[in-house]
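Inspection log for the structure reproduced underneath, given as structure tokens.
The values are calculated or read from the model by the stated rules, or taken from the named source; none is laboratory data. What you are looking at is a predicted structure, and each value in this text was computed from that prediction instead of being measured. Virtual Cβ from ideal backbone geometry, glycine too; neighbours counted across all protein chains shown. Calculation scope for accessible area: heavy atoms of the full protein, side chains included, ligands and nucleic acids excluded. Shrake-Rupley method; radii C 1.70, N 1.55, O 1.52, S 1.80 Å.
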Amino acid sequence: MNDDIWKGTTLSSADTIETTPNPEAAAPEEHAHTHDHDHAHDHEHEHHQQGPSLNPECTREVEIEVPADEVTKAFRTVTRRYQKQARIPGFRAGKVPESLIRSRFGDGLRQDVVESVLPAHFRDAIDKAGLKPISQPQVTDLHLEDGQPLKFKAVFEILPEISVAGYQDVHVAKPDTELTDEEFNAELDRVRDSRSTMEPVTEDRALAEGDWAQITFRGEFKGEGETPEVERQPVTGDDVMIEVGGPNTLPAFNEALRGSKPGQELKFEVTYPEDFGERRLAGKTISYDVEVKAIKKKIQPELTDEFAKELGEYEGIEDFKQKLKDHLASDKKRKLEGETRDKIVEALIQKYQFPVPESLVQQQVDARLDRGLRALAQQGMRTEDMRKLDFNRLRDAQRTSAVNEVKGSLLLDRIADEEKIEATDAEVDRELELLSLQMREPLDTLRKRLTDDGSLARIREQIRREKTGSLLYEKLAS
């Protein structure tokens, strides 16, 4: 008999770390007798590990025995169901002999028997032991024969005992979140710059600092080197605008363009730095032929009431400035306070040492990789190219961050217990209303779906952790 088919696997991954114990979810669920499972996985799930090793310090085991009469009853019930549904040539529906059912569907029948009696006995065993599994139980040493007691062991992880005594002693520097005049003026300049226009310079003069040169160019790679031929194709551009003396303009272009006039043709070389952003140019020397087509000036709009009204529903320029300032101040405050809360959690992680359930670590690795793969897909990476990625290496690279994220969440949960912090129904409702608007899904439908798949519990968990992080910021940042 193959016992492997009854061995558990890890819990499915989630975007947030779920640590709410749920024995109901951990117990195996009953399946249809046909076992026509689809084992094909989408590319974003192929990297998930099955049946992970568990952290011995967080692992617990229960031994369970199901009485023989209950096992026999389950065998009869499942066999009768198979008899009703089986379609075997030569036999009328519902008339297939029991012996043929057991020989033809042996593994499936045994699995259904186990899954019909195991969950309730598993729940009873963990309740009596006072244990709350956070991982899918892995069933081992299973013995199953009709007419005999069903015996097995279930191995799973639980949350570690965590002491957060003295967490109030952790302190980090409180950031200065006040918006400066320099920051406000820089953003105001960026807004004006985004609405600027390029006006031709009609006077007969040469290019000077601050002018924009409209140029057409062709660049040829110098030297043979080891660059593939496809990457040595000429570098060309038509009617490209370059700011003379601008922060993003290479010195060689500044020197060549400064003092030149429209209609003039220039020849010069540019040696690109090794860390240049465009990979095929980095470290290469290019010989350029450049034609100066025109000189232009960037004209920024005046800060008038009319300009403000072009930007949106503002009463005037002062109204726009105030709202821009309020937005920038709020954004800076949120960003710096978030970074400080992260530093507090990092300090707590350094302060407290405790074992971390491996199942939670693997969930978090899965979640991080899923987000990464979705980002690659949005950037245009093909499925076949994703399949070629070294997922073992990617998983290893994510492990340290995943461990710290799990540790941080467990610490926040423990401190929330100490501080008696809870997510209220009103806070959860507000979050659901926002999600309903963003996803354009009716609120009641969304609530039912998130409740059914367990996401609502994770949302409540996340709200609780955010409230705990805010409390720690108020208490520990100084």
Log entry, pairs with first residue in the stretch 304-319 being closer than 12 Å to Arg192 by Cβ and without any contact (Cβ under 8 Å) to a residue 40 or more places away in the chain, second being β-branched (Val, Ile, Thr) and outside any helix (DSSP H, G or I), beta carbons closer than 7 Å, six or more apart or on different chains, reads Ile317/Thr304
Residue set Asp370, Asp425; condition open to solvent by 70 Å² or more (accessible area, probe 1.4 Å) and closer than 30 Å to Leu348 by Cβ; output residue Asp425
Per the list (1) more than 21 Å from Gly237 (Cβ to Cβ); (2) open to solvent by 70 Å² or more (accessible area, probe 1.4 Å); (3) outside any helix (DSSP H, G or I); (4) not aromatic (Phe, Trp, Tyr), residue check on Glu269 breaks on (1)
Val230 vs (1) open to solvent by 40 Å² or more (accessible area, probe 1.4 Å); (2) assigned to a helix (DSSP H, G or I); (3) at pLDDT 95 or above: all pass except (3)
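Working only within the stretch 276-320, note down all residues that are in a helix (DSSP H, G or I) and not aliphatic (A, V, I, L, M). Outline the logic, then answer.
Filtering the stretch 276-320 for residues in a helix (DSSP H, G or I) gives 305-311, 317-320.
The answer is Asp305, Glu306, Phe307, Lys309, Glu310, Glu318, Asp319, Phe320.
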Condition set open to solvent by 40 Å² or more (accessible area, probe 1.4 Å) and touching a residue at least 60 places away in the same chain (Cβ under 8 Å), scope the stretch 320-331, selection farthest from Glu474 (Cα to Cα): answer is Lys321
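Using the structure shown, decide if Ser260 is in contact (Cβ under 8 Å) with a residue 12 or more places away in the chain and part of a loop (DSSP other than H, G, I, E, B). Outline the logic, then answer.
Values: in contact (Cβ under 8 Å) with a residue 12 or more places away in the chain: yes; part of a loop (DSSP other than H, G, I, E, B): yes.
Criteria met by Ser260.
Residue under question is Leu188, and the condition is that it be over 30 Å from Lys132 (Cβ atoms), assigned to a loop (DSSP other than H, G, I, E, B) and modelled with pLDDT of 95 or more; does it hold?
On the way: over 30 Å from Lys132 (Cβ atoms): yes; assigned to a loop (DSSP other than H, G, I, E, B): no; modelled with pLDDT of 95 or more: yes.
Answer is no for this residue.
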Some residue of the stretch 346-353 being in a helix (DSSP H, G or I), touching a Phe, Trp or Tyr at 6+ places or on another chain (Cβ under 9 Å) and open to solvent by 60 Å² or more (accessible area, probe 1.4 Å) = yes
When the stretch 398-430 is checked residue by residue, the ones that are among the β-branched types (Val, Ile, Thr) and closer than 30 Å to Leu446 by Cα are Val406, Ile421, Thr424, Val428
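Got a sec? Which helices (runs of 4 or more DSSP H) wholly within the stretch 37-137 have at least 1 residues that are modelled with pLDDT of 80 or more? Before you say what the answer is, go through the steps one by one.
On the way: elements: 68-85, 98-104, 106-129.
Of the helices (runs of 4 or more DSSP H) lying wholly inside the stretch 37-137, those with at least 1 residues that are modelled with pLDDT of 80 or more span 68-85, 106-129.
Please enumerate the residues belonging to the stretch 144-156 that are modelled with pLDDT under 90 and closer than 13 Å to Leu118 by Cβ. Steps first, please.
Going residue by residue through the stretch 144-156, those that are modelled with pLDDT under 90 are 144-147.
The one that is modelled with pLDDT under 90 and closer than 13 Å to Leu118 by Cβ: Leu144.
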